[in-house]
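Working notes for the structure below.
None of the figures in this text is laboratory data; all of them are computed from the coordinates on show. Predicted model only: the values in this text are computed from it and were never measured. Note that each Cβ is placed from the backbone with ideal geometry, even for glycine, and that neighbours are counted across all protein chains shown.
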Amino acid sequence: MAFMTTRIKVKDYDAWKSMFDTDPPEARKLALGHRLFRLIDDPNELMIVVEFETAEDAAAAREKLTESGVLERVTVVVAPALLDEVEAVAY
């Protein structure tokens, strides 16, 4: 599994979420799923984790996302990064 993570700050979570759900750049077209996290101290700051089957799919998604211009509408705290899962443990 591969993941793309991005940390952003938005002005209005509900407005941002409605746009996120439509996925204008189609960055999640090949995704297996995603998770959204909101900071407890600032619910307008988010961590987005999108899961892909391969690193190539994740890289293609990052390219679509960064080239689309949608990140210009938010404050990017951490640019889209690609991660390779090396361990997952549930307790």
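Per the conditions (1) touching a residue at least 40 places away in the same chain (Cβ under 8 Å); (2) within 19 Å of Ala81 (Cβ to Cβ), the sole criterion not satisfied by Leu39 is (1). Among the criteria (1) surrounded by 14 or more Cβ atoms within 10 Å (Cβ to Cβ); (2) out of contact with any Ser or Thr (no Cβ under 8 Å at 6 or more places or on another chain); (3) not small (Gly, Ala, Ser), the one Phe37 does not fulfil is (1).
Every test in (1) over 29 Å from Val86 (Cα atoms); (2) of a type in the set (A, V, I, L, M, F, W, C); (3) surrounded by 12 or more Cβ atoms within 10 Å (Cβ to Cβ) is passed by Ala60 save one, and that test is (1).
Return yes or no: is Ala88 of a type in the set (Gly, Ala, Ser) and more than 14 Å from the chain's Cα centre (by Cα)? Please lay out each step first, then the result.
Values: of a type in the set (Gly, Ala, Ser): yes; more than 14 Å from the chain's Cα centre (by Cα): yes.
It is true that Ala88 is of a type in the set (Gly, Ala, Ser) and more than 14 Å from the chain's Cα centre (by Cα).
One residue stands out in the stretch 14-26 among those that are surrounded by 10 or more Cβ atoms within 10 Å (Cβ to Cβ) and over 14 Å from the mean Cα position of the chain (by Cα): the one that is farthest from Lys64 (Cα to Cα), namely Ala15.
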